[in-house]
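The values are calculated or read from the model by the stated rules, or taken from the named source; none is laboratory data. Here the structure is a predicted model, which means the values were calculated and not measured. Glycine also receives a Cβ, built like all others from the backbone with ideal geometry; neighbour counts cover every protein chain displayed. Ligands, DNA and RNA are excluded from the accessible area calculation, which covers all protein heavy atoms including side chains. Shrake-Rupley method; radii C 1.70, N 1.55, O 1.52, S 1.80 Å.
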Amino acid sequence: MRARLFVALAAAAAALAAALAVSLGDVHTGAVASTVATASMTASTTTQTTTSSSAPADRPPVTASVQAPPAPSNSRVFAAVSQAFQTMRHSLYSHHYYENAITGTYDFDCVGLADYFLTLGAPKAIAALRSAEHIPSGPDVPSRDHFADSLGALPAGGNGLWRPITHVRQIEPGDLIIMKKINSKTFVGHALIAASAKLLLANGTFALNVFDSTGQTHGPDDSRNWDTRTTPLKGASNGSGLGFGTIQLWVNLQSGTPEQISWQIGRGPVQTPIVIARALH
């Protein structure tokens, strides 16, 4: 059932992205649903998280298994990653990158994924970021720190190639989300691509579907739990690499600014700030 659901969602998303439909501007609302099932989590060697099972004191916990609704998007980055997800035959979370659209092979880590799909969908934007961070064209890709530093320094109105996302209502499929590093032993950071509308939960947080490359799934409904095209890391029961899951987004209740992410619905937030930006060209 989950496999059919995710294939249907991804197919709809890819079709909408390919048609370059009008992008979403408003936040969707929804009621909290069924109780979360406890899932075993096998951590990636480089994306260890330090989440808490409890919510901050000013908000009640969310105990629901939810997915945000799909949404139309005119993002070429979203179109590229949706197409890859539909057509891939093999994927692995790896620091040794190999991407081949003809064979449907996508082996990369989270920043490798971000760099690859930005190069396809917004080549001028990623080229400008590389230049600003002194990363020449070639096999090297921007690190999580490079992405966070460059996008975090954007002016309020953007720079013509990148637009900062500073309010939750602005988030659209295709936006790049960077979780900043805590330290090299606790949490090294992460990169994700927004893949849905936002779904408002009962405690003022939001469910958001994302594409990323990881060995640690975003809860029981993550595609890497069932998608046989994704390859397990050593000792893991779930697949790794390019996949689709749901995170919980924490925002400032007064300003609406996205502040932190829970790796999956119902967990406390990872204690690191986030940066969100849209690649325009």
Worksheet item: Leu151 is checked against (1) open to solvent by 40 Å² or more (accessible area, probe 1.4 Å); (2) assigned to a helix (DSSP H, G or I) and fails just one. What number does that condition carry?
Response: (1)
Worksheet item: Inside region 81-113, can you point out the residues that are hydrophobic (A, V, I, L, M, F, W, C) and under 16 Å from the mean Cα position of the chain (by Cα)?
Response: Val81, Ala84, Phe85, Phe108, Cys110, Val111, Leu113
Practice prompt. Take region 104-134 and flag every residue that is closer than 14 Å to Gly174 by Cα and of a type in the set (Asp, Glu).
Written response: Asp115
Worksheet item: Within region 103-136, which residues are open to solvent by 20 Å² or more (accessible area, probe 1.4 Å) and touching a Lys or Arg at 6+ places or on another chain (Cβ under 7 Å)?
Response: Thr103, Thr105
Response to the item:
Only one of Gly268, Gly239 is surrounded by 24 or more Cβ atoms within 10 Å (Cβ to Cβ) and out of contact with any Gly (no Cβ under 8 Å at 6 or more places or on another chain), namely Gly239
Discussion item. Whether any residue in region 135-146 is touching a residue at least 12 places away in the same chain (Cβ under 8 Å), outside any loop (DSSP other than H, G, I, E, B) and farther than 30 Å from Thr228 by Cβ is what I want to check.
Written reply: yes
Worksheet entry | Number of the condition not met by Gly268 [criteria: (1) modelled with pLDDT of 95 or more; (2) within 19 Å of Ala68 (Cα to Cα); (3) among the small types (Gly, Ala, Ser)] | (1)
Discussion item. Go through region 80-102 and report how many residues are buried (at least 24 other Cβ atoms within 10 Å of the Cβ) and closer than 23 Å to Gln170 by Cα.
Written reply: 2
Response to the item:
Screening Gln248, Gln260 for residues that are modelled with pLDDT of 95 or more, buried (at least 24 other Cβ atoms within 10 Å of the Cβ) and more than 26 Å from Tyr97 (Cβ to Cβ) leaves only Gln248
Worksheet item: What is the number of the single condition among (1) of a type outside the set (Val, Ile, Thr); (2) modelled with pLDDT of 95 or more; (3) open to solvent by 10 Å² or more (accessible area, probe 1.4 Å) that Leu253 does not meet?
Response: (2)
Discussion item. Condition first: in a loop (DSSP other than H, G, I, E, B) and either in contact with a Cys (Cβ under 9 Å, 6 or more places away or on another chain) or touching a residue at least 40 places away in the same chain (Cβ under 8 Å) (or both). Now tell me which residues in region 233-253 satisfy that.
Written reply: Leu233, Gly235, Ala236, Ser237, Asn238, Gly239, Ser240, Leu253
Practice prompt. Just one of (1) open to solvent by less than 60 Å² (accessible area, probe 1.4 Å); (2) part of a loop (DSSP other than H, G, I, E, B); (3) at negative phi trips up Gly158, so point out which.
Written response: (3)
Practice prompt. Taking only region 178-188 into account, find how many residues are modelled with pLDDT of 95 or more and of a type in the set (Gly, Ala, Ser).
Written response: 0
Worksheet, complete the sentence: Filtering region 169-226 for residues that are open to solvent by 10 Å² or more (accessible area, probe 1.4 Å), touching a helix residue (DSSP H, G or I) at 6+ places or on another chain (Cβ under 9 Å), in a loop (DSSP other than H, G, I, E, B) and farther than 18 Å from Val270 by Cα leaves a count of 4
